[in-house]
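Working notes, structure below.
The values are calculated or read from the model by the stated rules, or taken from the named source; none is laboratory data. The model shown is predicted, which means the values in this text are computed figures rather than measured ones. Glycine also receives a Cβ, built like all others from the backbone with ideal geometry; neighbour counts cover every protein chain displayed. We work out accessible area using only protein heavy atoms, side chains counted, and drop any ligands, DNA or RNA first. Shrake-Rupley method; radii C 1.70, N 1.55, O 1.52, S 1.80 Å.
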Amino acid sequence: MEKDDISAPEVIDLLVGADVLYALDETDPVILGGEVAIREGHIVYSGPARAAGHWQAKEKITGCGRAVLPGFVNCHSHAASAVFRSQSDDGLGGQALYSVAFRTEKDISVQDWNDLARLGVIDMIQSGFTTINDIWYEPEALAQAAVDAGLRAQIALKVFDVRLETLYRNHYDRVPGQGEARLRLGVEFAEKWQGAGGGLVSSRLGPHATDTCSAALHQEACAEAGRLGVGLHTHVGQSPQEIEYCLSTYGKGPGEFLTDLGGLSDRSVLAHLTFASSEDLDAIAASGARYAHCPTIYPRRGVYPDLSGILERGIQTGIATDWMMNDPFEAVRNVMNAMRLFAGRHDALTSLQALRLATIGSAEVVGMSDEIGSLAAGKKADLIQIELERAHLQPFYAEPASIAYYARASDVVTSVIDGRLVMADRLVAGLDEASIVARVKSRIPRWLELMKSHGGVGTYPGCPCG
């Protein structure tokens, strides 16, 4: 502990202690016996614990037996997508996106999406995310849930102009007026919610994918995003069907198509790039667009993006979850294991590098690295505490690998976002988890019937305790 002379205590709002502080900055990524001092929502100090009496804190959170990290930044998510858990993990895999999910989404009610959004926000906070970049249905419900819980969120409405329910047959039926109408709704949402919740909520426009939006709709979305001063959020190269569509329709891959269209810039977040060609990646690199890498979804589908090629081209990259499984530690492990296996080298991606991809890297992807992503003085106070007194974490040697390879989402016990304690002892203060889970469970039989009508799988045991 640092022994410094104290004249008058420095008044702060919150002092968060840490047996181990993972600041994840360039100079001192790991600090033993650390603390973070917070005032008016910002970090005023992050480093070795000061002498007793240095701070006059309105509130203190003990660091005994705990590690502190920057909150994880999920740069591509679908928080309300839990309804599709287990529907695309086996069997048809990625094709179930078209055959099950796209055909079922239209029959999920507004109230269903509202409850699923709240479920997703709880899941995100409990998993260690303090910021998400989300594209889905019912963005207002997600925005309100984020405000209620205190989660930082960039949100876009899913915009498309095809009949999603016919894509599984490879039929691209454009619906006149649908894309423009959905884009108008996305613009209205962006205008209404930008800066809501004291700045917690910001907005993007979300042209869904290169095959589900026409060239004209992509151009219009890009123009509107420029007018509003917001970014774009798009799926690119996520399926062989999308690649086939772009090649047959435009004579080029999805990355080249969007670049040549003038639809990419450094305010664009592109998810997946799973089937992107070298020409696609070259075009994306030249455009300055950012990349959201979702390492837990790719192994399930038996295919992995060219992450080495993406990083070598200098494309700004962050780690995301995509949908259904929102565990940042699992994502960090998956990306390290994949990179090492592909390269045949144990040092192809280190634990510290992977943790930084999931925090400051993802913050860079969503354009917020000056504000969040590391525990540096002056940044917004977004951080989490991990309980270390767990059998699977002991003995704890305080290396980055101690967290990256062994921690779990369930180890996150505290979350502070914008300087406010939003979760203590895994209880999210702003949302009633028990009632939300109960409402979601009550809908499972109807959802399962919908899934099965489109080739989905599963059984519902009900409550075994009666």
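With the requirement that a residue be of a type in the set (A, V, I, L, M, F, W, C) and surrounded by 15 or more Cβ atoms within 10 Å (Cβ to Cβ), what does segment 369-381 give you?
ILE372, LEU375, ALA376, ALA381, listed by residue number.
Just name the residue that is nearest to the chain's Cα centre (by Cα) out of those in segment 370-402 that are of a type in the set (D, E, K, R) and over 19 Å from LEU200 (Cβ atoms).
Initially, segment 370-402 is screened for residues of a type in the set (D, E, K, R), giving 370-371, 379-380, 382, 387, 389-390, 399.
Okay, now just the ones that are also over 19 Å from LEU200 (Cβ atoms), so 387, 389-390, 399.
Working: GLU387: 22, GLU389: 27, ARG390: 26, GLU399: 25 Å.
Checked segment 370-402; the qualifying residue nearest to the chain's Cα centre (by Cα) is GLU387.
Does ARG420 satisfy the criteria of being touching a strand residue (DSSP E or B) at 6+ places or on another chain (Cβ under 9 Å), touching a residue at least 40 places away in the same chain (Cβ under 8 Å), farther than 30 Å from ASP266 by Cα and surrounded by fewer than 21 Cβ atoms within 10 Å (Cβ to Cβ)?
It is true that ARG420 is touching a strand residue (DSSP E or B) at 6+ places or on another chain (Cβ under 9 Å), touching a residue at least 40 places away in the same chain (Cβ under 8 Å), farther than 30 Å from ASP266 by Cα and surrounded by fewer than 21 Cβ atoms within 10 Å (Cβ to Cβ).
Does segment 320-329 contain any residue that is over 18 Å from the mean Cα position of the chain (by Cα) and surrounded by fewer than 24 Cβ atoms within 10 Å (Cβ to Cβ)?
Just the residues of segment 320-329 that are over 18 Å from the mean Cα position of the chain (by Cα), to begin with: none.
No, that holds for no residue.
Would you confirm whether any residue within segment 248-270 is modelled with pLDDT of 95 or more and touching a Pro at 6+ places or on another chain (Cβ under 8 Å)?
Looking through segment 248-270, none of the residues is modelled with pLDDT of 95 or more and touching a Pro at 6+ places or on another chain (Cβ under 8 Å).
Which members of segment 165-221 meet the condition of being within 30 Å of SER453 (Cα to Cα), surrounded by 13 or more Cβ atoms within 10 Å (Cβ to Cβ), in contact with a strand residue (DSSP E or B) (Cβ under 9 Å, 6 or more places away or on another chain) and of a type in the set (D, E, K, R)?
Selection gives ARG174, ARG182, ASP211.
Would you be able to say whether some residue in segment 442-465 is in a helix (DSSP H, G or I) and touching a strand residue (DSSP E or B) at 6+ places or on another chain (Cβ under 8 Å)?
Quick first cut of segment 442-465, residues in a helix (DSSP H, G or I) only: 442-453.
Right, trim to touching a strand residue (DSSP E or B) at 6+ places or on another chain (Cβ under 8 Å) and you get none.
Within segment 442-465 (the criterion being in a helix (DSSP H, G or I) and touching a strand residue (DSSP E or B) at 6+ places or on another chain (Cβ under 8 Å)), the answer is no, since none of the residues qualifies.
Whether any residue in segment 288-303 is assigned to a helix (DSSP H, G or I) and modelled with pLDDT of 95 or more is what I want to check.
Checking segment 288-303: not a single residue is assigned to a helix (DSSP H, G or I) and modelled with pLDDT of 95 or more.
Can you tell me which residue within segment 256-281, out of those that are in contact with a Gly (Cβ under 8 Å, 6 or more places away or on another chain) and part of a helix (DSSP H, G or I), is most open to solvent (accessible area, probe 1.4 Å)?
Among those residues, the one meeting the criterion is GLU279.
Identify all residues within segment 217-249 that are in a helix (DSSP H, G or I), among the small types (Gly, Ala, Ser) and without any contact (Cβ under 8 Å) to a residue 12 or more places away in the chain; write none if there are none. Write out each step before concluding.
Kept after step one, since they are in a helix (DSSP H, G or I), are these residues of segment 217-249: 217-228, 240-249.
Okay, now just the ones that are also among the small types (Gly, Ala, Ser), so 221, 223, 225-226, 248.
Correct list: ALA223, GLY226, SER248.
Only one residue in PHE72, PHE160 is touching a residue at least 60 places away in the same chain (Cβ under 8 Å) and buried (at least 21 other Cβ atoms within 10 Å of the Cβ). Which one? So that I can check it myself, show each step before the final result.
Working: PHE160 fails: touching a residue at least 60 places away in the same chain (Cβ under 8 Å).
Sole residue among the options that is touching a residue at least 60 places away in the same chain (Cβ under 8 Å) and buried (at least 21 other Cβ atoms within 10 Å of the Cβ): PHE72.
Can you spot a residue in segment 382-396 that is within 18 Å of ASP28 (Cβ to Cβ), open to solvent by 10 Å² or more (accessible area, probe 1.4 Å) and in a loop (DSSP other than H, G, I, E, B)?
no
Is segment 50-57 home to any residue that is of a type in the set (S, T, N, Q), farther than 19 Å from ILE403 by Cα and not in a strand (DSSP E or B)?
The answer is no, given that none of the residues of segment 50-57 is of a type in the set (S, T, N, Q), farther than 19 Å from ILE403 by Cα and not in a strand (DSSP E or B).
Looking only at residues in segment 427-446 that are among the charged types (D, E, K, R) and open to solvent by less than 80 Å² (accessible area, probe 1.4 Å), which one is farthest from ILE122 (Cα to Cα)? I'd like the intermediate steps shown before the answer.
Of the residues in segment 427-446, the ones among the charged types (D, E, K, R) are 432-433, 439, 441, 443, 446.
Adding the requirement that they be open to solvent by less than 80 Å² (accessible area, probe 1.4 Å) leaves 433, 443.
Working: GLU433: 7, ARG443: 18 Å.
Here the residue is ARG443.
Inside segment 336-345, can you point out the residues that are farther than 22 Å from PHE72 by Cα and either open to solvent by less than 50 Å² (accessible area, probe 1.4 Å) or aliphatic (A, V, I, L, M) (or both)?
Hits for segment 336-345 are LEU341, ALA343.
What number of residues within segment 91-118 satisfy the criterion of being of a type in the set (D, E, K, R) and part of a loop (DSSP other than H, G, I, E, B)?
Here is the first cut: in segment 91-118, the residues of a type in the set (D, E, K, R) are 103, 105-107, 112, 115, 118.
In the following step, the residues that additionally are part of a loop (DSSP other than H, G, I, E, B) were identified as 106-107.
Qualifying residue count, segment 91-118: 2.
Out of (1) open to solvent by less than 10 Å² (accessible area, probe 1.4 Å); (2) farther than 24 Å from SER88 by Cβ; (3) touching a helix residue (DSSP H, G or I) at 6+ places or on another chain (Cβ under 6 Å); (4) not aliphatic (A, V, I, L, M), the odd one out for SER287 is which?
Among (1) open to solvent by less than 10 Å² (accessible area, probe 1.4 Å); (2) farther than 24 Å from SER88 by Cβ; (3) touching a helix residue (DSSP H, G or I) at 6+ places or on another chain (Cβ under 6 Å); (4) not aliphatic (A, V, I, L, M), the lone unmet condition for SER287 is (1).
Across segment 346-368, what is the total count of residues that are open to solvent by 20 Å² or more (accessible area, probe 1.4 Å), in a helix (DSSP H, G or I) and not basic (Lys, Arg)?
So the count comes out to 5.
Do you know which of the residues in segment 1-60 that are over 25 Å from the mean Cα position of the chain (by Cα) and of a type in the set (Phe, Trp, Tyr) is nearest to GLN385 (Cα to Cα)?
TYR45
Could you tell me whether any residue of segment 79-90 is assigned to a strand (DSSP E or B) and open to solvent by 10 Å² or more (accessible area, probe 1.4 Å)? Reasoning before the result, please.
Looking only at segment 79-90, we keep the residues that are assigned to a strand (DSSP E or B), and these are none.
No, that holds for no residue.
Could you say whether any residue in segment 119-126 is of a type in the set (Asp, Glu), within 15 Å of GLU433 (Cβ to Cβ), open to solvent by 30 Å² or more (accessible area, probe 1.4 Å) and in a helix (DSSP H, G or I)?
Start the filter on segment 119-126 by keeping residues that are of a type in the set (Asp, Glu), which leaves 123.
Now restrict to residues that are within 15 Å of GLU433 (Cβ to Cβ): 123.
Now drop any that are not open to solvent by 30 Å² or more (accessible area, probe 1.4 Å), which leaves 123.
If we keep only those that are in a helix (DSSP H, G or I) too, we end up with 123.
Yes - at least one qualifying residue is present in segment 119-126.
Before we move on, is ASP347 on the phi < 0 side of the Ramachandran plot and in contact (Cβ under 8 Å) with a residue 60 or more places away in the chain?
Details: on the phi < 0 side of the Ramachandran plot: yes; in contact (Cβ under 8 Å) with a residue 60 or more places away in the chain: no.
So ASP347 does not fit the description; no.
Conditions (1) among the aromatic types (Phe, Trp, Tyr); (2) assigned to a strand (DSSP E or B), marked per residue:
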{"position": "GLU140", "(1), (2)": "no, no"}
{"position": "ALA145", "(1), (2)": "no, no"}
{"position": "LEU167", "(1), (2)": "no, no"}
{"position": "HIS171", "(1), (2)": "no, no"}
{"position": "GLU180", "(1), (2)": "no, no"}
{"position": "LEU183", "(1), (2)": "no, no"}
{"position": "PHE189", "(1), (2)": "yes, no"}
{"position": "GLY198", "(1), (2)": "no, no"}
{"position": "ARG204", "(1), (2)": "no, yes"}
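Could you list, in sequence order, all residues of segment 397-423 that are more than 15 Å from ALA18 (Cα to Cα) and in a strand (DSSP E or B)?
ILE417, ARG420, LEU421, VAL422, MET423
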